[in-house]
Amino acid sequence: MRKVLGQIALVWLVLPGDADAHDWYTGKTDPVIHYDCCGNKDCRPIDSNDVRMTKDGYFVRLHPAYLNESQEAEWFIPRERVQAAPDERYHICEHLTTFYRTIIPHMKFETYQRYRWRCFFAPMSTGSIQPE
């Protein structure tokens, strides 16, 4: 019986399952505003072609809006809010925010949603991040 349980445990460890690919984001917070980076799989790697580095920070090009509300073409991420990525890729954490606006003359509120960035990670090889 012990041998069977050992084999089951080994198979469970070897076979791919529903392991969360975002494990390394867990516990990370923005270094300035201290918000949690990942809330239910908000983080993902992004293509380096969508990132432009400047002396003050990074501009991250957004993909077409997920929603029908227009958004900015790029997000600016100040250098002091950039964190080191554990690999040689860029990563961004986004969350969906709800906004409200008044519709005049009816004085009704309309809601709309936009994505906002929460955390940004850059490769150490960019030279823009100081080792901790």
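Rule-based calculations on the coordinates, nothing more; no lab input. This one's a predicted model, so the numbers in the text were calculated from it and none came from an experiment. Every residue, glycine among them, receives a Cβ derived from its backbone with ideal geometry; neighbour counts consider all protein chains shown.
Take F120, F76 and order them by how many other Cβ atoms sit within 10 Å, fewest up front. Mind showing how you got there, number by number?
Values: F120 25, F76 13.
If I rank by nearby Cβ atoms, fewest first, I get F76, F120.
Going by C-beta contacts inside 10 Å, put S125, S48 in order with the fewest on the left.
S125, S48
With a 10 Å Cβ neighbour count serving as the proxy for reagent exposure, in which order, fewest first, do W75, W24 appear? Present the calculation step by step, with values, prior to reporting the outcome.
Numbers: W75 18, W24 15.
Ascending number of Cβ neighbours within 10 Å: W24, W75.
Assuming 0.36 nm per residue, please report the length gained on full extension of the stretch F109 to T54 beyond their Cα-Cα distance.
Working: separation 55, 0.36 × 55 = 19.80 nm, distance 3.91 nm.
Value of the extension gain: 15.9 nm.
With a cap of 13 neighbouring Cβ atoms within 10 Å, and only residues DSSP puts in a loop, list the chymotrypsin sites (Phe, Trp or Tyr not before Pro) found in the stretch 31-62. Walk me through the intermediate numbers first.
Numbers: sites: Y35, Y58, F59; in loops: Y35.
Here the sparse-neighbourhood loop sites are Y35.
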